[in-house]
Every structure is written in C-alpha cells, then in structure tokens.
Amino acid sequence: MTTKSWKRDVEPSQKVILQAPTTLIARADHAAQELQITRSKFVRVAIEEKLKRLEDEQLAQDIREGFAANAEYYNKITEQFLPRPTH
C-alpha cells in the first residue's frame, strides 16, 4: 500500500471535513502509521472497501432473488439431467 495510486493522479478529488470520535481517529492514525500511508489514504481505502462490500452484497442479493424467481424453471432443467429411479 505504500505505492502511489494511479487513480489519485487521474481522478479529480474533493476535500472533505470528517467529524468522528477521537478514539476512532486515533485508531485510524495508528493503522495508517503501521501501513506507512497517510490518514487520508487510509480513509480513502476504507471508503472504497466498504463501497465494494456493499456493491458485492447487492449483487449477491440480486442473484439470490433471480434464482428464487426462476426456481421452477431451474428445477425443470435439473430434472432433465437427474437419473430416473428404477423400480
């Protein structure tokens, strides 16, 4: 994480004032120091990771809903490939 991100050089940026509990800022500062990155980069990465998780969760939900909505169709297809019971 110590390498410079190419996105930072290309994408326009905006300053943000963040109000957070002192202990949270201290924890973020400690983590940033351990990672040898700035507080600003730590916050950017944290936001990016959270947004990615939210997007992944939404995609998973959409997929679950799609399968649920088409369950009958998928069951019919699956039955075509299952071995028939012999009596």
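Each reported figure results from applying straightforward, stated rules to the coordinates on display, with no laboratory input. Keep in mind it's a predicted model, so treat the numbers as computed, not measured. Using ideal geometry, Cβ is built from the backbone for each residue, glycine included, and neighbour counts are taken over all protein chains shown.
Placing +1 on each Lys and Arg Cβ and -1 on each Asp and Glu Cβ, with no other charges, gives region 21-81 a dipole about its Cα centre of roughly 380 debye. Considering only Cα atoms, the convex hull volume of the chain works out to 242 Å³ per residue.
Taking 28, 46, 60 as the candidate residues, the one with maximal mean-square fluctuation in a Gaussian network model of the chain, Cα springs under 10 Å, is 60. Taking each residue as 0.36 nm, the span from residue 86 to residue 33 lengthens on full extension beyond its C-alpha to C-alpha distance by 12.3 nm.
Stretch residue 52-residue 72 to full length: gain in nm at 0.36 nm per residue minus the Cα-Cα span?
Length gained between residue 52 and residue 72: 4.0 nm.
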